[in-house]
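Colleague: I am attaching a structure below and will ask some questions about it afterwards.
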Amino acid sequence: MEPKCELGAMTSSHVLGTSSESIIIDRFSDLPDEIAHHILSFHSVILMNLIRVGAVSKRCRQLYLSLPSLIIVSGHVSNCTMSRVRLMNYWDRYLFHRGDNKIECFGICWSFDATVNAEISDEFFRITTWIQNAVRCNVKVLHLDFTQNNLNIVVLPSCIFHCHSLTELYVNLSGGDIQSPSLSFSSNLQHLELKDAMVEDDRFFKWISSSCKCIKELRLENVSGIKDITIESSSLEIFIYLFPFNNYELWDLNISGEKLEEIIILWHFDSNDDSRRGLIPRIRSLNILAPKLKKITWGGNFLDHQHLGNLMCLEEAKIFLFPDLDDFKNPFEVLCSIRVAKALVLNEETTKAFFMESSMPLPLDNIHDLTLHVRSVNDEFVPAMVSLFRGITTLNTLCITSVTYKQAIEEAFNEIEEEDYNYEEEDNGTEQENSETTEEDGATEEGDSAPKFDVEYWKSQNLNFTCELKEVKLEIVEGNDNELDLARYILKHAQKLKKMVILHSPQHPDILEMVRKSKMISTATVVLQEVIL
């Protein structure tokens, strides 16, 4: 008869090679707690695995009841009432037997099923007791993700915010309410993320400002129910506000923090909604006071008032505003705020708005990397681009991509970072190094068909943005010649250029010929890639 083996066990015959006596060596039980807990964490999502481990031995049961990380997921059971009740009964018993063993990380991912409506209130009550249990066990990290299916029954208990051990809180309420905690309770929260939640009033943000003295990162995504958000924090380093849908409620967003290093804001609304409803147009404003800010990403609508402050430490600015150009009141003030940034990313509408303010050079004399997201470098956009270039003398990298506003927003706010464009094929023979020709730049055709913004136009503007230019990436997909003429101008005047990448559509079969005929002042490498749309 074969000897029985426990978890991680070996028989004495395996050890000594001679004895037939079955002596179980429980290697798992001899592991240090932190290693055993780490192994069990791989099975913590699968409930039956944990139950089996807890039944192996007293030592395994001790480890099982002292797991520092717990995740409760409703998706592993069917939506039938009995299955859900059994699952909740198990977790009730487990947390009872666990006692006051410390919990490092506690997560609940629960979907409320409308087909068992009679049991929903009981489900949420029991879930609330689990959260209270975690608070009692000095939880440090709490993840709560609820799917309500339009039932609107979840109200986040305020006891969470009174937990002194809690340092990280991530909450997705699927439209549920958040009860504002008392201002008399201090918090040690360092990271707070709220998603799809309804805030009762501004007391919640007053609590963050006055009671969260350790908070470093605050993320608000689709948080509604309030018209004025004011955050004043001496510890906050990262602030993120995302509302990609039409937010008619918010009027004012005010952020102040002496340690703030990064701000990300996506604030969309329909500016014509008030007039359609016969209401007085609302005045919306954004005010930032963050003297140490290094990065700002701002997308959405133009506002009535925007004051970004004096950002003397700014390194990177990404601004994607749309549309309502006539309502953009002070673009020059915004430019002055971001003038020291080394990297700047703009969409087409924002670039046009900056140009509409004044024809004077824009104060962007520290820009090293410039990216423009445009649908096309058409005749309407070229003057705005020239105005932008006129104030730049330190540019090292220029990238002009052909994308829509929506695509630019998705790239910036979904953290889709593509340093290089990956296409399946590159045209053979389109890479040229140290291109040398004896011909002049391809002359533009005579007559009415000559482009308005040709190489001579660019030359006549007396621009200096090419002085330090080293790398260029251009997308030419729309079929007009403005991008081609810009490329020819850069090749002719950028003495320090090392590489130019041109992504083009089949509508431009003459690009290779253009490169061959261009007189290059540098020894740059020119790479052509055909884009299949």
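The values are calculated or read from the model by the stated rules, or taken from the named source; none is laboratory data. Quantities reported herein were computed from a predicted structural model and do not represent experimental measurements. In this analysis, Cβ positions are derived from the backbone assuming ideal geometry, glycine residues included, and neighbour counts consider all displayed protein chains.
Colleague: Take the residues of the stretch 64-106 that are in a helix (DSSP H, G or I) and of a type in the set (A, V, I, L, M, F, W, C): which is farthest from PHE146 (Cα to Cα)?
Modeller: In this case the residue turns out to be LEU65.
Colleague: Residues being at pLDDT 95 or above and part of a strand (DSSP E or B): count how many of those fall in the stretch 467-499.
Modeller: So the answer is 4.
Per-residue answers, yes or no, for (1) of a type outside the set (Phe, Trp, Tyr); (2) over 20 Å from ILE215 (Cα atoms); (3) surrounded by fewer than 19 Cβ atoms within 10 Å (Cβ to Cβ); (4) at pLDDT 90 or above:
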site: ASP122; (1), (2), (3), (4): yes, yes, yes, no
site: LEU156; (1), (2), (3), (4): yes, no, no, no
site: CYS159; (1), (2), (3), (4): yes, no, yes, no
site: HIS162; (1), (2), (3), (4): yes, no, yes, no
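Colleague: So, in the stretch 225-250, of the ones that are touching an Asp or Glu at 6+ places or on another chain (Cβ under 8 Å) and surrounded by fewer than 17 Cβ atoms within 10 Å (Cβ to Cβ), which residue ends up nearest to HIS191 (Cα to Cα)?
Modeller: Applying the filter and picking the extreme gives SER234.
Colleague: Continuing with the same structure: Do you know which of the residues in the stretch 227-249 that are in contact with a Lys or Arg (Cβ under 9 Å, 6 or more places away or on another chain) and of a type in the set (Val, Ile, Thr) is nearest to ARG284 (Cα to Cα)?
Modeller: THR230
Colleague: Which residue, of SER235, SER182, SER174, is polar (S, T, N, Q), at pLDDT below 95 and outside any strand (DSSP E or B)?
Modeller: On the way: SER235 fails: at pLDDT below 95; SER174 fails: outside any strand (DSSP E or B).
When all the criteria are applied, what remains is SER182.
Colleague: Within the stretch 265-302, how many residues turn out to be touching a helix residue (DSSP H, G or I) at 6+ places or on another chain (Cβ under 7 Å) and at pLDDT 90 or above?
Modeller: 3
Colleague: Please verify whether the stretch 206-215 includes one or more residues that are in a loop (DSSP other than H, G, I, E, B) and either surrounded by 18 or more Cβ atoms within 10 Å (Cβ to Cβ) or among the aliphatic types (A, V, I, L, M) (or both).
Modeller: Yes; the residues of the stretch 206-215 include at least one that is in a loop (DSSP other than H, G, I, E, B) and either surrounded by 18 or more Cβ atoms within 10 Å (Cβ to Cβ) or among the aliphatic types (A, V, I, L, M) (or both).
Colleague: With respect to the numbered conditions (1) in contact (Cβ under 8 Å) with a residue 60 or more places away in the chain; (2) surrounded by fewer than 21 Cβ atoms within 10 Å (Cβ to Cβ); (3) not hydrophobic (A, V, I, L, M, F, W, C), which one is the sole condition not fulfilled by ASN482?
Modeller: (2)
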